[in-house]
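Worksheet: one structure, shown below.
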Amino acid sequence: MEKVQGEMEIERWERSEEISDAEKKVIQETWSRVYANCEDVGVSILIRFFVNFPSAKQYFSQFKHMEDPLEMERSLQLRKHAQRVMGAINTVVENLSDPEKVSSILALVGKAHALKHKVEPIYFKKLTGVMLEVIAEEYANDFTPEVHSAWTKMKTLIYTHVTAAYKEVGWAPYPNATL
């Protein structure tokens, strides 16, 4: 990690490891079971994300003051955002064999979050980490070391592509910061 102006740690840009065809198949098979329960899993991911990283709620006016996980679970806005997150991941998973499409999808997500929502890119690393935790717990019987390894590469792929879009648009959390 590199310190920038002593206030915020910014991760150096990471390169994603190539996901093999066998790993793509493992990700797609696992995801098909996860996506069958996409709303519940998506809500679980977001609730854990907001409980573990409450500062992330600052970007969501509709539920930024919610503290109670049960209240979050009942929030229609949180459910809608969970569906968008899961839909985007589903599109990426469905297109793992088309690197240009994956890059394009994740660039759109990154640019929107950088320019429109002004979300710090580190939250994508945190969110994908939480996603991996929740999937590993809820599908423990399916989450072998091989599956975990493939999903770790998927997590890095998402973060790398999204943050590359931040870099492309020249995003900086405050003046004179560099990424």
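The values are calculated or read from the model by the stated rules, or taken from the named source; none is laboratory data. If you're wondering where the values come from, they're calculated on a predicted model, not measured in any experiment. We place every Cβ from the backbone using ideal geometry, glycine too, and count neighbours over all the protein chains shown. Just so you know, the surface numbers come from the protein's heavy atoms only, side chains and all, with ligands and any DNA or RNA stripped out. Shrake-Rupley method; radii C 1.70, N 1.55, O 1.52, S 1.80 Å.
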Response to the item:
Selection over segment 37-89 where residues are outside any helix (DSSP H, G or I) and either over 16 Å from the mean Cα position of the chain (by Cα) or charged (D, E, K, R) (or both) yields a count of 10
Worksheet item: Out of segment 131-177, which residues are over 26 Å from Ala22 (Cβ atoms) and touching a Phe, Trp or Tyr at 6+ places or on another chain (Cβ under 8 Å)?
Response: Thr163, Lys167
Worksheet item: With (1) touching a His at 6+ places or on another chain (Cβ under 9 Å); (2) within 26 Å of Ala164 (Cα to Cα) as the list, and Pro99 as the residue in question, which single condition is left unmet?
Response: (1)
Discussion item. Could you list, ordered by first residue, the pairs with Cβ atoms under 6 Å in which the first is in segment 128-157 and on the phi < 0 side of the Ramachandran plot and the second is surrounded by 18 or more Cβ atoms within 10 Å (Cβ to Cβ) and not in a helix (DSSP H, G or I), at least 6 apart or interchain?
Written reply: Lys153/Ile19
Worksheet item: Do any residues in segment 108-126 that are basic (Lys, Arg) have Cβ atoms under 8 Å from those of residues that are open to solvent by 20 Å² or more (accessible area, probe 1.4 Å) and modelled with pLDDT of 95 or more, where the two are at least six apart or on different chains, and which pairs are they?
Response: Lys126/Asn52; Lys126/Phe53
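Is it true that Leu78 is of a type in the set (A, V, I, L, M), surrounded by 14 or more Cβ atoms within 10 Å (Cβ to Cβ) and in contact (Cβ under 8 Å) with a residue 60 or more places away in the chain?
When the stated conditions are applied, Leu78 does not pass them.
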